[in-house]
């Protein structure tokens with residue numbers, strides 16, 4: 001089954017830039033991603049720039065409305081995602097529990113919707 | 001013949017339902033279809049057995065029939081096409097006892113998966129493992145039947161969409177997941193034992209179901225001390241069922257219960273679970289002295305006392321001490337204070353209760369106020385007792401307990 005692992009955390013949490021802690025965490029991210037790929041479970045994934053860089057777009061009555069900011073102003077923001085393919089939810093939970101940011105953030109596991117003609 | 005068939009179906013329903021659902025969930029990898037085809041097999045049994053007589057092995061007959069129904073369904077609905085080869089293969093093998101145990105464990109772990117809300121876990125467990133109908137579960141939880149039906153449908157959709165597996169978790173997660181299963185069974189039991197909203201204090205059917213689930217789980221995992229503790233706790237508590245309410249449905253305090261009315265068979269079974277827990281738990285099972293086992297040990301002290309006065313309060317206090325040193329909670333402290341009141345006198349218990357009350361954690365907890373009221377009453381502080389009963393009434397939402405509290409209040413208000 002395919003799942004999106006959505007990585008939420010307080011943007012102020014976690015190690016600060018240019019610290020040895022950050023370097024260690026970056027190593028952790030690289031090795032985690034490599035482990036996912038080696039297990040054949042990795043479909044994709046990216047880290048996102050902070051919400052200060054986000055832009056909102058809506059189209060209402062044919063008019064495109066563009067605004068600064070993320071969709072929702074919350075303490076914990078979406079900071080990245082992985083797309084994985086694993087046998088079941090327990091396997092997805094195991095992978096989610098190993099994500100470097102899970103110690104200070106939250107990982108939301110969402111199954112990828114399957115359409116009948118896909119299978 | 002008719003009666004024999006009806007008896008055989010009733011018996012098979014009790015014994016075979018969870019095994020059949022468990023086996024078919026493994027083979028079909030779909031809970032809803034498994035339940036539906038088992039249900040249909042029972043419907044067919046109710047006509048066929050009456051006409052043709054009860055088969056030699058009712059369980060085998062039901063399994064074969066349910067599998068045939070599943071194959072028919074799959075042929076009609078292409079979505080499950082990929083399950084056919086496995087099902088055809090499975091149909092050749094007679095399930096072995098070890099497989100049946102594993103399948104039932106897997107079914108329980110799936111229904112009690114922490115990715116489901118606790119209400120959904122409870123409802124699914126009663127439906128799929130217990131074989132209760134949606135109407136029965138709705139009735140037991142005082143919700144309209146369509147609400148319960150919706151809850152079950154949502155839970156099954158989530159199981160399917162989220163890929164919740166019906167498997168026994170790996171060793172490193174087993175203890176945690178077993179704790180979740182125990183939590184569901186205990187929730188069923190407490191809901192039956194003290195119904196939080198409603199008129200009656202006891203609803204035996206849910207207690208029966210929880211006792212049965214706990215004993216089944218203990219059969220499946222005989223080496224887990226906490227599972228044994230849960231089974232013991234349910235049995236020992238439930239042994240007092242007939243003595244806990246009087247003829248008018250009013251609660252009877254432990255001190256005033258007629259101990260002749262306690263169910264000896266349940267007490268013996270409960271004590272047996274406590275004794276049979278292994279001296280040293282296996283590495284991946286729960287603690288030897290976890291909370292269920294500790295509560296069961298307290299219940300066992302009560303069960304072994306011929307009269308309330310003969311209760312070994314020192315033993316009870318020492319079990320509460322262990323619970324507190326293992327990281328207790330205000331309710332444990334409240335119970336310990338009540339035991340201290342019996343061991344050292346009402347004034348000593350009351351001191352501890354006042355301390356607890358001052359902290360404010362239990363402001364909305366009925367039994368803090370009623371315990372204070374009882375001790376004040378014993379010490380002859382009528383006014384303080386009355387005000388504590390009044391505080392208890394404010395947070396009481398059970399009609400039987402309300403009537404009881406009003407009765408107690410009247411005895412100190414005149």
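We did not get these values from a lab; they are worked out from the coordinates using the rules stated. Since the model is a prediction, treat every value here as computed from it, not as a measurement. Heads up, the Cβs are rebuilt from the backbone with ideal geometry, glycines too, and the neighbour counts pull from every protein chain shown.
Observations on the model:
- Whole-Å semi-axes of chain B's equivalent ellipsoid (Cα gyration tensor): 45, 23, 20
- Distribution of pairwise C-alpha distances over the protein assembly as shown, 20 Å bins, in %: 17, 43, 32, 8, 0
- In summary, the stretch B:1-76 shows an alpha-carbon radius of gyration equal to 1.06 times the 2.2 N^0.38 Å reference for compact globular proteins.
- The stretch A:15-97 - convex hull of alpha carbons, volume per residue in Å³: 147
- Kirkwood hydrodynamic radius of the stretch B:67-134, from inverse mean 1/r over distinct Cα pairs, in Å: 14.1
- Here the stretch B:2-139 yields Rg over Rh of 0.97, to two decimals, using C-alpha coordinates and the Kirkwood radius.
- The distance separating the Cα centre of the stretch B:107-181 from that of the stretch A:4-66 comes to 34 Å.
- Nearest-0.05 FRET efficiency for residue B:351 and residue A:74, computed from C-beta distance (R0 45 Å): 0.45
- FRET efficiency estimate (nearest 0.05) - Cβ-Cβ, residue A:32 to residue B:92, R0 51 angstrom: 0.75
- Whole-angstrom gap from the stretch B:348-406 to the stretch B:19-47, using each part's C-alpha centre: 50
- Fewest neighbouring Cβ atoms within 10 Å first, the residues B:109, A:30, B:80 line up as A:30, B:80, B:109.
- Where only DSSP H runs of four or more residues are counted, the protein assembly as shown gives -19500 deg cm²/dmol as its mean residue ellipticity at 222 nm, each run worth -39500 (n - 2.57).
- Cβ crowding within 10 Å ranks B:186, A:32, A:104 as A:104, A:32, B:186, fewest other Cβ atoms first.
- Length-normalised contact order of chain B in % [C-alpha pairs under 8 Å, at least 6 apart]: 11
- Potential lengthening between residue B:308 and residue B:321 on full extension [0.36 nm per residue; Cα-Cα distance subtracted]: 2.6 nm
- Residues B:276, B:157 arranged by fewest to most Cβ contacts within 10 Å: B:157, B:276
- Using the empirical formula 2.2 N^0.38 Å as the baseline, the Cα radius of gyration of the stretch B:132-268 reaches a ratio of 1.21.
- Folded to 0 to 90 degrees: helix B:291-304 orientation relative to chain B principal axis, Cα: 60
- 0 to 90° range, to nearest 10: angle between helix B:204-220 axis and chain B longest Cα axis: 70
- Descending semi-axes in whole angstrom, ellipsoid equivalent of the stretch B:273-402, from the Cα gyration tensor: 30, 17, 14
- If you plug the beta carbon distance of residue B:82 and residue A:43 into 1/(1 + (r/R0)^6) with R0 = 22 Å, you get a FRET efficiency near 0.55.
- Helix B:330-344 vs. chain B, principal-axis angle (Cα, 0 to 90°, nearest 10): 50
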